[in-house]
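Right, one structure below, let's go through it.
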Amino acid sequence: MTPRRHLLTAAAAWLVLSAVSMAVVAGVQILPEIASREAEVEDAAFVLLTVVSMPVLWFVVVGLAYSALRFRAPAGDVEDGPPVHGHRGFQAGWLVVTFLLVIGLFVYGAVGLLEIRGAQSADFEVHVRAEQWKWHYTYPDGLTSADLHLPLGRRVHLVLESDDVIHSLWLPALGVKQDAVPGRVTQAYTTPTLAGIYGGRCAELCGFGHTGMTTTVEIEDQASLDAWLQQEEAEPSSGS
Amino acid sequence: MTSHASGDHAILAGATEDPVEARRNMLLGVKLGILSEVMLFGALFVAYFVVRADSPSWPPTGLERPELLLPGLNTILLVSSSVTMQLGVASVMRNDRRRLLRWMGATLLLGTIFVGIQGYEFATNGFGLKDGVFGSTFYTLTGFHGAHVLVGLIFIAIVANRARRGLISAERHTAVEAASYYWHFVDGVWLFLFTTLYVL
Amino acid sequence: MAAERRTFPILAPGLPRAVIGAAIGAAIGAAGAIGLNGEAGQILGLGYLFALVGFLLGIGAFRFWLTWAIGREVDVHEEHAAHGTAGDWRRYFRFTTDHKVIGVQYLVTAFVLFLVAGTAAMFMRVELAQPGLLTDKDTYNTFMSTHGAMMITVALVSIIGGLGNYLVPIMIGTRDMAFPKANALSYWMLPLPVLLVAINPLLGGFDSGWTAYPPLSQQANLGQQAYLMAFVTVGASSILSAANFLVTVFRMRAPGMSLMRMPIFVWALTVTATLALVATSVVAAAFTMLLFDRLLGTSFFRPSRGGDAILFQHLFWFYSHPAVYIMAVPGLGAILEIVPVFARKPLFAYPLAVLSFIMIGVLSFMVWAHHMFVSGMAEFFHIPIMLTTELISVPTGVVFLTALGTIWMGRLHFKTPMLWVFGFLWAFVIGGITGVYLADVPTDIVLSDTFFVVAHFHYTIVGGTIFGLFAGTYYWFPKITGRMYDERLGKIHFWWFTIAFNATFLPMFWLGIEGMRRRVADYPPEFGPVNLFVSFAAFNIALSVAVFVYNMVRSWRRGEKAAANPWNAQGLEWQVSSPPPIENFGDIPTVTDTPYQYGSPHLPAPVSGPPAPAPGAAGLRPKP
Ligand code: HEA
Ligand code: HEA
Ligand code: CUA
Ligand SMILES: [Cu+2]
């Protein structure tokens, strides 16, 4: 076969594999649970990255597999290959394409980032205090509880602090992960979109009890949240 | 003769037998070592600026910076010691061993007074290593620097001793030059320290 | 004087004296600290410091410098003796200044460390095989941290310290490193800290992970301190050896060996050494401040007294991100060195590959904060760091262009080293692409501190360093030992390792996305089956490594004798005998081109000087 034929055959295989796999992943939800606007953004970023990764991955895999199949030297071969030291077109093309891909990914990621962390406006503020190995949540009216209750459809501002070492509040369904650092105040934002009870955990190694440092978050509409807050006020069920 | 010729260089720089090459290797090595030291002090300075920026006031309430008099004097001492060191290098180039010894002696003297004053200051400052970030950064930075001064002094003393024994000449003076590079670096760090820790 | 020494062999420089020196040093240091009313930490600290000095004095690391310092002439014969004599196995256990000996010392040490750290990983996989706990969590954390710390050391020193030391002087056509004694010193600085990390469980273990974030690492026990001290020592050693490499490469190349004729492997190590030289002292400063916080009552990272915990992370990653390239770039260089030989084609786009290594080095200083996207650092870091991090894909991608371009239309010989090259490219592209997921803030918020990160960095470090290390070890084995390895066992090792490796770490991406945290001893039951599978696969990695160890040991002792140039390669190292003579070259050769002139049979090999030996018997050319 001529070099050109080799190139075309491999390119065809690459195109088909890329197109098929891109089509497959484009429609998939990758995050296991999505219950907030922020988590939606994160899932969309995941999908986009996976779609873009497919042609890159296949390029390398097809290149390797095709060469392994077609360019294997016969046993006892003593010939050398063609003395090609480079190819300006390919080199420039590769640089341009990877650069553009990267810039595209960056722009998309920056837009997502601004959506998650950018607009620093929120209408419900919860103070989160971490200690080895517990979480405490304090609501606007001063009430404190051991698990988190959030209103549906409002943008929530989480204000995190830690008493001892670094912890990290991770609420997967809400798309939140933020360290709580002693001596600092850190922030996270989330806009719950789906009512329900979700798990949460500490994501930063914080010593012996790190494994067990979990929490739950309940998303409910404003009315039942108010009811819960009132009831907690009357007879606290947990926390301090 | 040959063992002499290789002696000074082979011990500092190894694989190559050619003294000219060995000298250039050695000096490049010293420069690279200084580069890595620059990064070391850079990291310490970054730490200093960050905790200082974090702090509501500087120096924190209740603490005071040392008076400028002694550190100012120290600055003069150290800068002049750089000059004397350089004059020493110039002397050895001219193969003037007596002047070399004299200048290196002056450098040693100035450096030693510097260390003495620094020690006196450490002992009489109104704050200690444990006094919050102010004390931490002050003593860590000046302490690291002081340790470098000591190392420099020991190195210069060793080189001076070799010169005294006639092991250093215009053809073989790599060690003098290496010591001078190091000494200027230590001096430069002090200028930064002085401006940031004491003055600004 | 020499005669006296012979009467008291224990007092001659060497390992026995080093052990005694370390013991005496430890005793003096500890006694001093006790005398000063020190706490346990201070006793350990001072004891370790003096032990290190005692060890180095004992091994004879300072004897030449000390002689020089007191104004005497160094005994030239003794200096020559320190270089070692060919065929004397004892030189491997001494303060020997021959770069080839030091290379082997590094390489063997790294592999031993790899086995120890891998064994710790096996304990972790036992614990993680099922939900529920076998040991307590602290024990798990200690195994996890020790595994991480040791493996990082392996990745940092194995290729550059082992293969680099052995090969670079030969590849650039010189007789040794610029500073052979400093070179030996950087090796002998390693045993004690490595031992200290290995015994940290006796000191209460350390549970902060290799990243040692304060304030947690300020509360933790003595084992933690042991790790910090060890890391600083290893850092000092790597600064020393980096400076040595750079001087060697910049000043001691053979005539005709211009920078753009250097083998790509040498280029890779040059970039690596630059990174190590510049970045390492930053982490040393950070760890020293942390040690001061623990031992001397300073408060750099103590928030309760005005310190800043995030500051540590910035300083740590300012080193540790370049460090991941200190691990990966030598591997990239090794495989690019090997590809042309087994594809029988010139290296594709050599100048661009050099440029991209340099760009990787430059960019790697601008991306450190991507490890801190959820740490609460100042908000303005996110966007620029995301950009620079993703940009680093472009120069890294060039390595793939170069490798694929070389392979394409080549005449591929799938000897064991070439298999590892293919495995490398597969693993590293997965590691790299998943790195881009982590570089993207929206996805990193999900993935940070999960098993996705664990999978990412095993794909990059194992893919980038360990695959490269295996490729290089097989490829240069005949040169180093003068014997051929067993091809069949090599292939078994490759396939078994590669399949098991992928089966171990691919599922971890899924685990991470589904929400399994890293650094936990226990997890929700729904992850049970996958983890069981992972653990099973991980044990297969260990078994395949056993095949490797067997192959190496056996072939070294009685493998078939290797010719000077069994692969019919063009690098300078293949133009000398296997193993190379003690001074590497009779006459220093003159170099006329890059060592990648394949496919131009009418041209002579790009070297003049000593005539190239005839093509070897065991390699690509058919046996006569
Ligand atoms: C050898 C080691 C190595 C290497 C080479 C890399 C390479 C990369 N790493 Fe990785 N990384 C680690 C080792 C390594 N990493 C370790 C040890 C950790 C964890 C530390 C800890 O917390 O314990 C980590 C963690 C880590 C994080 C932090 C995750 C977190 O904790 O939240 C991030 C985030 O950005 C990241 C990103 C990247 C990127 C973008 C690359 C890039 O360099 C990859 C570039 C390569 C490619 C992209 C593939 C080839 C390119 C092409 C074929 C061109 C086309 C490609 C595209 C257009 C995408 N890494
Ligand atoms: C060079 C780097 C390197 C390498 C090669 C490896 C190799 C392996 N790693 Fe490691 N790993 C790290 C670097 C590395 N790791 C780092 C930096 C961390 C992070 C730590 C932290 O969070 O701080 C980590 C963390 C880490 C975790 C996550 C822990 C957690 O977060 O809870 C896990 C979990 O499975 C793991 C598993 C493994 C396994 C199964 C291997 C296997 O590939 C190991 C292969 C096995 C062997 C090599 C076994 C030895 C061989 C034998 C026993 C043969 C018989 C003996 C003789 C013949 C003498 N590693
Ligand atoms: Cu709190 Cu981990
Ligand atoms: Cu990184």
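The values are calculated or read from the model by the stated rules, or taken from the named source; none is laboratory data. Values in this document were obtained by computation on a predicted structure and should not be read as measured data. In this analysis, Cβ positions are derived from the backbone assuming ideal geometry, glycine residues included, and neighbour counts consider all displayed protein chains. Surface accessibility is based on the protein's heavy atoms, side chains included, excluding ligands, DNA and RNA. Shrake-Rupley method; radii C 1.70, N 1.55, O 1.52, S 1.80 Å.
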* To do: Please give the net charge around C:Gly41, taking every other residue with its beta carbon less than 12 angstrom from that of C:Gly41, where Lys and Arg add +1 and Asp and Glu add -1.
  => -1
* Structure fact -> Row for the protein assembly as shown, column shape: gyration tensor on C-alpha, a ≥ b ≥ c, rounded if a/c < 1.5 i.e. under 1.5, prolate if a/b over b/c, else oblate; value oblate
* Asked: What list of ³J(HN,Hα) couplings, whole Hz, do you get for segment A:127-139 from phi and the Karplus terms 6.51, -1.76, 1.60, once you set θ to phi - 60° and write x for glycine and proline?
  -> 8, 10, 10, 10, 8, 5, 10, 9, 10, 10, 10, 10, 8
* Rounded to whole Hz, the Karplus (6.51, -1.76, 1.60) HN-Hα couplings of segment A:189-195, x for glycine and proline -> 10, 7, 10, x, 10, 9, 5
* Between A:Pro32, A:Pro182, A:Pro74, find the one with the highest GNM mean-square fluctuation for chain A; connect C-alpha pairs within less than 10 Å. => A:Pro74
* Asked: GNM on chain B, C-alpha springs below 10 Å: top fluctuator among B:Ser80, B:Ser57, B:Ser36?
  -> B:Ser57
* Which of the residues in segment A:194-227 lose at least 30 Å² of accessible area when you go from the chain alone to all protein chains together (probe 1.4 Å)? -> A:Arg201, A:Ala203, A:Glu204, A:Leu205, A:Gly207, A:Phe208, A:His210, A:Thr211
* To do: First obtain the Kirkwood hydrodynamic radius of chain C from its Cα pairs, then insert it into the Stokes-Einstein equation at 37 °C and 0.692 mPa s, and state the resulting D in µm² per second as a whole number.
  => 130 µm²/s
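Calculate the dipole size of chain B relative to its Cα centre from +1 charges on Lys and Arg beta carbons and -1 charges on Asp and Glu beta carbons; express the result in debye to the nearest 20.
Working: 15 positive and 14 negative charges, 128 e Å.
Here the size comes out at about 620 debye.
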* Structure fact -> Among C:Lys415/C:Lys491; C:Lys479/C:Lys561; C:Lys345/C:Lys415; C:Lys415/C:Lys479, the pairs whose Cα-Cα distance exceeds 19 Å are none
* Asked: With the solvent-accessible surface defined on protein heavy atoms using a 1.4 Å probe, which residues belonging to segment C:330-348 display a reduction of at least 50 Å² in accessible area in the multichain context relative to the isolated chain?
  -> C:Pro346, C:Phe348
* Asked: At a Förster radius of 25 Å, what calculated FRET efficiency corresponds to the Cβ-Cβ distance of C:Leu133 and C:Gln219, to the nearest 0.05?
  -> 0.65
* To do: Taking only protein heavy atoms into account and a 1.4 Å probe, give the accessible area per residue of chain C in Å².
  => 32 Å²
* Asked: Along segment A:167-178, what does the Karplus equation 6.51 cos²θ - 1.76 cosθ + 1.60 (θ = phi - 60°) give for ³J(HN,Hα), rounded to whole Hz, x for Gly and Pro?
  -> 10, 9, 7, 10, 10, x, 5, 9, x, 10, 9, 8
* Compare each residue of segment A:143-189 in its chain alone against the assembly with all protein chains, and report those whose accessible area goes down by 10 Å² or more; 1.4 Å probe, heavy atoms. => A:Asp164, A:Val165, A:Ile166, A:Trp170, A:Lys177, A:Gln178, A:Asp179, A:Val181, A:Pro182, A:Gly183, A:Arg184, A:Thr186
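Roughly how big is the C-A contact, given as buried accessible area in Å² (both sides, 1.4 Å probe, nearest 100)?
On the way: alone 25250 and 14440 Å², together 32370 Å².
Between C and A, the summed buried area is about 7300 Å².
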* With a 1.4 Å probe and every protein chain kept in, tell me what percent of the accessible surface of chain A is carbon plus sulfur. => 64 percent
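Which percent of the accessible area of segment C:336-447 is formed by carbon and sulfur heavy atoms (probe 1.4 angstrom)? Could the numbers behind the result be given before it?
Values: 1860 of 2260 Å².
So the carbon and sulfur contribution to the accessible surface is 82 percent.
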* Asked: C:Arg554: net charge of surrounding residues, Cβ under 11 Å, Lys/Arg +1, Asp/Glu -1, itself excluded?
  -> +2
* Acute angle (nearest 10 degrees) that the helix A:3-26 long axis makes with the longest principal axis of chain A, alpha-carbon atoms -> 20 degrees
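Calculated FRET efficiency, B:Val115 and A:Met1, Cβ-Cβ r, R0 56 Å, to nearest 0.05?
Details: r = 77 Å, r/R0 = 1.38.
For B:Val115 and A:Met1, the calculated efficiency is 0.10.
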* Ignoring ligands and nucleic acids, what accessible area does A:Lys134 show with a 1.4 Å probe (Å², nearest 10)? -> 110 Å²
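Return one whole number: the accessible area per residue of segment A:71-170 in Å², for a 1.4 Å probe. It would help to have the intermediate numbers written out before the result.
Numbers: 4630 Å² over 100 residues.
For segment A:71-170, the solvent-accessible area averages 46 Å² per residue.
Leaving ligands and nucleic acids out of the surface, order C:Leu352, A:Leu152 by accessible area at 1.4 Å, largest first.
Descending order: A:Leu152, C:Leu352.
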* With all protein chains present, how much of the accessible area of segment C:236-320 (probe radius 1.4 Å) comes from carbon and sulfur, to the nearest whole percent? -> 68 percent
* Summing +1 for each Lys or Arg and -1 for each Asp or Glu, what net charge is found among the other residues whose Cβ lies under 12 Å from the Cβ of A:Pro151? -> -4
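How would segment A:24-64 be classified by its alpha-carbon gyration tensor: rounded, prolate or oblate, with rounded meaning a/c under 1.5 and the a/b versus b/c comparison settling the rest?
Judged from the Cα gyration tensor, segment A:24-64 comes out prolate (a/c at least 1.5, a/b above b/c).
Buried accessible area between C and B (1.4 Å probe, both chains summed, ligands and nucleic acids excluded), in Å² to the nearest 100? Show your work: numbers first, answer last.
Numbers: alone 25250 and 10420 Å², together 32080 Å².
Between C and B, the summed buried area is about 3600 Å².
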* 16 Å cut-off, amide nitrogen to a point 7 angstrom out along C:Met122 Cα→Cβ, residues in segment C:133-163 -> C:143-144, C:147
* Asked: So what's the gap between the Cα centers of segment C:374-410 and segment C:17-56, to the nearest angstrom?
  -> 45 Å
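Kindly identify chain A as rounded, prolate or oblate by the Cα gyration tensor criterion: order the square roots of the eigenvalues as a ≥ b ≥ c, call it rounded if a/c is under 1.5, otherwise compare a/b with b/c, prolate if a/b is larger, else oblate. Write down the numbers at each step before the final one.
Numbers: a/c = 3.28, a/b = 2.77, b/c = 1.19.
Here chain A falls in the prolate category.
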* FRET efficiency for C:Phe536 and A:Val28, Cβ-Cβ distance as r, R0 = 35 Å, nearest 0.05? -> 0.80
* Kindly express, to the nearest 10 degrees and within the range 0 to 90, the angle between helix A:37-70's C-alpha long axis and the longest C-alpha principal axis of chain A. => 20 degrees
* Structure fact -> Most fluctuating of A:Gly199, A:Gly89, A:Gly153 in the GNM of chain A (C-alpha, under 10 Å) is A:Gly89
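To the nearest 20 debye, what charge dipole does chain C have about its Cα centre, counting +1 at the Cβ of each Lys and Arg and -1 at the Cβ of each Asp and Glu? Could the numbers behind the result be given before it?
On the way: 36 positive and 31 negative charges, 350 e Å.
Around 1680 debye, computed over chain C.
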